[in-house]
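Enquirer: To start, I am sharing the structure in question, which I have written as C-alpha coordinates.
The values are calculated or read from the model by the stated rules, or taken from the named source; none is laboratory data. Just so you know, these numbers come straight off a predicted model, no measurement behind them. Every residue, glycine among them, receives a Cβ derived from its backbone with ideal geometry; neighbour counts consider all protein chains shown.
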Amino acid sequence: MGDRLTIERDGDIATISLDNPDKMNALTLSMWRELGKAMEALSADDEIRCVILRGAGTRAFAAGADISEFAAQRSNREQARSYADVTTAAMQAIEQCRHPVIAMIHGVCVGGGLEIASLCDIRICGESSRFGAPVGQLGLTMSYAELGALIRLAGRPVAMEIVLEGRIFNAHDAYAKGLVSRVVADDAVEEESIATARRIARSAPLVARWHKHAAARLTQSPALTAAEIESAFDCFDTEDFRIGAEAFNAKQKPVFKGK
(Lines give C-alpha, C1' and ligand atoms only; values in the text may rest on other atoms or scores of the structure.)
Protein backbone atom coordinates (compact mmCIF):
# COMPACT_ATOMS: atom_id res chain seq x y z
CA MET A 1 0.00 0.00 0.00
CA GLY A 2 1.05 3.52 -0.67
CA ASP A 3 2.86 5.54 -3.36
CA ARG A 4 1.27 3.83 -6.34
CA LEU A 5 -1.76 3.60 -8.62
CA THR A 6 -4.26 0.78 -8.68
CA ILE A 7 -6.50 0.07 -11.66
CA GLU A 8 -9.69 -1.98 -11.50
CA ARG A 9 -11.98 -3.00 -14.35
CA ASP A 10 -15.71 -3.63 -14.03
CA GLY A 11 -16.79 -4.49 -17.54
CA ASP A 12 -16.45 -1.34 -19.63
CA ILE A 13 -15.72 0.94 -16.65
CA ALA A 14 -12.17 1.42 -15.35
CA THR A 15 -11.32 2.93 -11.96
CA ILE A 16 -7.91 4.43 -11.22
CA SER A 17 -7.10 4.97 -7.54
CA LEU A 18 -4.38 7.35 -6.36
CA ASP A 19 -2.97 5.25 -3.55
CA ASN A 20 -0.84 7.10 -1.00
CA PRO A 21 -3.24 7.22 1.97
CA ASP A 22 -0.60 8.00 4.61
CA LYS A 23 -0.09 11.34 2.83
CA MET A 24 -3.72 11.91 1.85
CA ASN A 25 -2.97 10.52 -1.61
CA ALA A 26 -0.39 13.18 -2.42
CA LEU A 27 1.20 12.25 -5.74
CA THR A 28 4.85 11.31 -5.90
CA LEU A 29 6.70 11.76 -9.17
CA SER A 30 6.38 8.05 -9.88
CA MET A 31 2.60 8.27 -9.33
CA TRP A 32 2.34 11.17 -11.78
CA ARG A 33 4.27 9.09 -14.32
CA GLU A 34 2.05 6.04 -13.75
CA LEU A 35 -1.08 8.18 -14.02
CA GLY A 36 -0.10 9.48 -17.44
CA LYS A 37 0.70 6.00 -18.74
CA ALA A 38 -2.51 4.54 -17.30
CA MET A 39 -4.70 7.23 -18.84
CA GLU A 40 -3.03 6.83 -22.23
CA ALA A 41 -3.52 3.05 -22.15
CA LEU A 42 -7.18 3.31 -21.16
CA SER A 43 -7.83 5.99 -23.77
CA ALA A 44 -6.55 3.62 -26.47
CA ASP A 45 -8.77 0.76 -25.24
CA ASP A 46 -11.94 0.60 -27.35
CA GLU A 47 -13.61 -1.66 -24.78
CA ILE A 48 -13.65 1.15 -22.20
CA ARG A 49 -16.70 3.40 -21.98
CA CYS A 50 -15.86 5.48 -18.90
CA VAL A 51 -12.94 6.08 -16.52
CA ILE A 52 -13.31 6.95 -12.82
CA LEU A 53 -10.48 8.73 -11.00
CA ARG A 54 -10.46 8.57 -7.21
CA GLY A 55 -8.23 8.61 -4.16
CA ALA A 56 -7.69 5.50 -2.05
CA GLY A 57 -9.96 5.44 1.00
CA THR A 58 -12.30 8.27 1.91
CA ARG A 59 -10.02 10.88 3.56
CA ALA A 60 -8.82 12.49 0.36
CA PHE A 61 -9.07 12.56 -3.40
CA ALA A 62 -5.55 13.98 -3.51
CA ALA A 63 -3.61 16.53 -1.47
CA GLY A 64 -1.58 17.64 -4.49
CA ALA A 65 2.04 16.82 -5.17
CA ASP A 66 4.15 15.18 -2.46
CA ILE A 67 6.06 18.20 -1.11
CA SER A 68 8.56 16.00 0.72
CA GLU A 69 10.09 15.11 -2.66
CA PHE A 70 10.78 18.71 -3.63
CA ALA A 71 14.19 18.97 -1.98
CA ALA A 72 15.52 16.11 -4.08
CA GLN A 73 13.43 16.37 -7.24
CA ARG A 74 12.03 19.90 -7.60
CA SER A 75 14.42 22.28 -5.85
CA ASN A 76 15.53 24.37 -8.84
CA ARG A 77 14.52 25.42 -12.34
CA GLU A 78 16.13 22.46 -14.15
CA GLN A 79 14.60 19.89 -11.83
CA ALA A 80 11.25 21.68 -11.97
CA ARG A 81 11.27 21.60 -15.75
CA SER A 82 11.89 17.84 -15.77
CA TYR A 83 9.24 17.35 -13.08
CA ALA A 84 6.78 19.40 -15.13
CA ASP A 85 7.39 17.23 -18.19
CA VAL A 86 5.93 14.33 -16.21
CA THR A 87 3.04 16.16 -14.53
CA THR A 88 2.04 17.97 -17.73
CA ALA A 89 2.02 14.68 -19.64
CA ALA A 90 -0.25 13.17 -16.98
CA MET A 91 -2.66 16.08 -17.09
CA GLN A 92 -2.75 16.10 -20.87
CA ALA A 93 -3.51 12.37 -20.82
CA ILE A 94 -6.50 13.01 -18.53
CA GLU A 95 -7.80 15.92 -20.59
CA GLN A 96 -7.26 14.14 -23.92
CA CYS A 97 -8.68 10.77 -22.87
CA ARG A 98 -11.16 9.70 -25.55
CA HIS A 99 -13.56 8.33 -22.94
CA PRO A 100 -15.53 10.37 -20.38
CA VAL A 101 -13.66 10.75 -17.08
CA ILE A 102 -15.36 11.12 -13.70
CA ALA A 103 -13.63 12.45 -10.58
CA MET A 104 -14.95 10.60 -7.52
CA ILE A 105 -14.03 13.06 -4.77
CA HIS A 106 -13.93 12.03 -1.13
CA GLY A 107 -12.48 14.46 1.39
CA VAL A 108 -9.57 16.75 0.51
CA CYS A 109 -9.07 17.86 -3.09
CA VAL A 110 -6.38 20.53 -3.15
CA GLY A 111 -3.41 21.70 -5.20
CA GLY A 112 -2.58 19.12 -7.84
CA GLY A 113 -5.64 17.16 -6.75
CA LEU A 114 -7.90 20.06 -7.73
CA GLU A 115 -5.97 20.46 -10.97
CA ILE A 116 -6.51 16.78 -11.81
CA ALA A 117 -10.21 16.98 -10.95
CA SER A 118 -10.63 20.12 -13.06
CA LEU A 119 -9.55 18.13 -16.13
CA CYS A 120 -12.22 15.48 -15.64
CA ASP A 121 -15.56 15.73 -17.41
CA ILE A 122 -17.75 15.25 -14.33
CA ARG A 123 -16.83 15.85 -10.67
CA ILE A 124 -18.88 14.31 -7.87
CA CYS A 125 -17.97 15.09 -4.26
CA GLY A 126 -19.19 14.53 -0.72
CA GLU A 127 -20.61 17.18 1.59
CA SER A 128 -17.46 17.25 3.73
CA SER A 129 -15.07 17.60 0.78
CA ARG A 130 -12.62 20.50 0.82
CA PHE A 131 -11.03 22.33 -2.10
CA GLY A 132 -8.31 24.89 -2.79
CA ALA A 133 -4.87 25.53 -4.26
CA PRO A 134 -2.64 27.28 -1.67
CA VAL A 135 0.39 27.30 -3.98
CA GLY A 136 1.23 30.87 -2.94
CA GLN A 137 2.09 29.57 0.52
CA LEU A 138 4.82 27.48 -1.12
CA GLY A 139 6.19 30.32 -3.22
CA LEU A 140 5.02 28.41 -6.29
CA THR A 141 3.13 29.43 -9.40
CA MET A 142 0.45 27.30 -10.99
CA SER A 143 1.54 26.45 -14.53
CA TYR A 144 -0.20 27.87 -17.58
CA ALA A 145 -1.79 24.50 -18.35
CA GLU A 146 -3.09 24.04 -14.82
CA LEU A 147 -4.39 27.57 -14.44
CA GLY A 148 -5.90 27.38 -17.91
CA ALA A 149 -7.88 24.30 -16.92
CA LEU A 150 -9.31 26.11 -13.89
CA ILE A 151 -10.21 29.16 -15.96
CA ARG A 152 -11.96 27.04 -18.59
CA LEU A 153 -13.86 25.21 -15.88
CA ALA A 154 -14.95 28.01 -13.56
CA GLY A 155 -13.96 31.27 -15.22
CA ARG A 156 -11.21 33.81 -14.57
CA PRO A 157 -12.74 35.43 -11.43
CA VAL A 158 -13.03 32.08 -9.62
CA ALA A 159 -9.57 30.94 -10.73
CA MET A 160 -8.04 34.19 -9.49
CA GLU A 161 -9.83 33.88 -6.15
CA ILE A 162 -8.43 30.38 -5.74
CA VAL A 163 -4.79 31.13 -6.57
CA LEU A 164 -4.57 34.61 -4.99
CA GLU A 165 -6.29 33.88 -1.67
CA GLY A 166 -5.11 30.30 -1.32
CA ARG A 167 -7.95 29.54 1.07
CA ILE A 168 -9.63 26.17 1.53
CA PHE A 169 -13.38 26.13 0.91
CA ASN A 170 -16.18 23.63 1.32
CA ALA A 171 -18.13 21.48 -1.11
CA HIS A 172 -21.11 23.80 -1.41
CA ASP A 173 -18.81 26.74 -2.17
CA ALA A 174 -17.12 24.56 -4.80
CA TYR A 175 -20.49 23.77 -6.36
CA ALA A 176 -21.49 27.44 -6.37
CA LYS A 177 -18.20 28.30 -8.10
CA GLY A 178 -18.77 25.65 -10.78
CA LEU A 179 -15.88 23.47 -9.67
CA VAL A 180 -17.97 20.36 -9.04
CA SER A 181 -20.90 18.87 -10.93
CA ARG A 182 -22.85 17.69 -7.89
CA VAL A 183 -22.59 17.31 -4.12
CA VAL A 184 -23.98 14.23 -2.38
CA ALA A 185 -23.82 12.74 1.09
CA ASP A 186 -20.34 11.49 1.96
CA ASP A 187 -21.47 7.88 2.06
CA ALA A 188 -23.13 8.22 -1.37
CA VAL A 189 -20.12 9.50 -3.36
CA GLU A 190 -19.00 6.09 -4.59
CA GLU A 191 -22.50 4.89 -5.39
CA GLU A 192 -23.39 8.06 -7.31
CA SER A 193 -20.09 8.07 -9.22
CA ILE A 194 -20.51 4.45 -10.30
CA ALA A 195 -24.15 5.04 -11.26
CA THR A 196 -23.06 8.02 -13.36
CA ALA A 197 -20.38 5.94 -15.06
CA ARG A 198 -22.94 3.23 -15.86
CA ARG A 199 -25.32 5.76 -17.39
CA ILE A 200 -22.47 7.00 -19.58
CA ALA A 201 -21.45 3.46 -20.48
CA ARG A 202 -24.97 2.70 -21.72
CA SER A 203 -24.78 5.56 -24.23
CA ALA A 204 -23.22 5.35 -27.68
CA PRO A 205 -19.42 5.47 -27.17
CA LEU A 206 -18.74 7.21 -30.48
CA VAL A 207 -21.15 9.98 -29.51
CA ALA A 208 -19.43 10.43 -26.14
CA ARG A 209 -16.06 10.70 -27.87
CA TRP A 210 -17.43 13.18 -30.41
CA HIS A 211 -18.88 15.34 -27.66
CA LYS A 212 -15.56 15.34 -25.82
CA HIS A 213 -13.69 16.34 -28.96
CA ALA A 214 -16.22 19.06 -29.79
CA ALA A 215 -16.15 20.49 -26.26
CA ALA A 216 -12.34 20.61 -26.31
CA ARG A 217 -12.38 22.38 -29.66
CA LEU A 218 -14.96 24.92 -28.53
CA THR A 219 -12.90 25.87 -25.45
CA GLN A 220 -9.51 25.78 -27.14
CA SER A 221 -7.06 28.45 -25.99
CA PRO A 222 -4.41 30.15 -28.17
CA ALA A 223 -1.11 28.32 -28.28
CA LEU A 224 1.45 29.49 -25.73
CA THR A 225 4.89 30.67 -26.76
CA ALA A 226 8.00 28.84 -25.58
CA ALA A 227 8.95 31.90 -23.50
CA GLU A 228 5.58 31.89 -21.74
CA ILE A 229 5.90 28.21 -20.87
CA GLU A 230 9.44 28.77 -19.58
CA SER A 231 8.31 31.65 -17.35
CA ALA A 232 6.34 29.20 -15.21
CA PHE A 233 9.66 27.99 -13.78
CA ASP A 234 10.90 31.42 -12.67
CA CYS A 235 9.51 30.84 -9.17
CA PHE A 236 12.02 28.03 -8.57
CA ASP A 237 14.87 30.54 -8.68
CA THR A 238 13.36 32.66 -5.90
CA GLU A 239 14.18 32.76 -2.21
CA ASP A 240 10.44 32.73 -1.49
CA PHE A 241 10.17 29.25 -2.98
CA ARG A 242 12.87 27.93 -0.66
CA ILE A 243 11.18 29.63 2.30
CA GLY A 244 7.78 28.20 1.39
CA ALA A 245 8.98 24.63 0.85
CA GLU A 246 11.04 24.61 4.06
CA ALA A 247 8.16 26.05 6.08
CA PHE A 248 5.72 23.46 4.71
CA ASN A 249 7.96 20.54 5.61
CA ALA A 250 8.62 22.03 9.06
CA LYS A 251 4.87 22.64 9.54
CA GLN A 252 5.51 26.36 10.09
CA LYS A 253 4.03 29.49 8.57
CA PRO A 254 6.27 30.96 5.86
CA VAL A 255 7.52 34.54 6.08
CA PHE A 256 8.12 35.61 2.51
CA LYS A 257 10.59 38.31 1.43
CA GLY A 258 9.44 39.00 -2.12
CA LYS A 259 12.81 37.91 -3.49
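Enquirer: Criterion first (buried (at least 21 other Cβ atoms within 10 Å of the Cβ) and out of contact with any Leu (no Cβ under 7 Å at 6 or more places or on another chain)) does residue 27 satisfy it?
Expert: It is false that residue 27 is buried (at least 21 other Cβ atoms within 10 Å of the Cβ) and out of contact with any Leu (no Cβ under 7 Å at 6 or more places or on another chain).
Enquirer: A follow-up question, please. Going through segment 98-146 one residue at a time, which ones are farther than 30 Å from residue 231 by Cα, in contact with a Gly (Cβ under 9 Å, 6 or more places away or on another chain) and among the acidic types (Asp, Glu)?
Expert: Answer for segment 98-146, where residues must be farther than 30 Å from residue 231 by Cα, in contact with a Gly (Cβ under 9 Å, 6 or more places away or on another chain) and among the acidic types (Asp, Glu): there is none.
Enquirer: Among all residue pairs at least 6 apart or on different chains, which show Cβ distances below 9 Å where the first residue, located in segment 6-34, is under 19 Å from residue 72 (Cα atoms) and among the small types (Gly, Ala, Ser) and the second is assigned to a helix (DSSP H, G or I) and modelled with pLDDT of 95 or more?
Expert: Listed pairs, sorted by first residue: 26/113.
Enquirer: Of all residues in segment 34-79, how many are at pLDDT 95 or above, buried (at least 20 other Cβ atoms within 10 Å of the Cβ) and basic (Lys, Arg)?
Expert: Qualifying residue count for the region: 2.
Enquirer: For segment 31-84, name all the residues that are hydrophobic (A, V, I, L, M, F, W, C), under 14 Å from the mean Cα position of the chain (by Cα) and in a helix (DSSP H, G or I).
Expert: Matches in segment 31-84: 31, 32, 35, 39, 84.
Enquirer: If you take the residues of segment 205-242 that are of a type in the set (A, V, I, L, M) and farther than 21 Å from residue 84 by Cβ, which of them is surrounded by the fewest Cβ atoms within 10 Å (Cβ to Cβ)?
Expert: Per the stated criteria, the residue is 218.
Enquirer: Could you list all residues from segment 137-168 that are assigned to a helix (DSSP H, G or I), under 26 Å from residue 251 (Cβ atoms) and in contact (Cβ under 8 Å) with a residue 24 or more places away in the chain?
Expert: 137, 138, 146, 162, 163, 164
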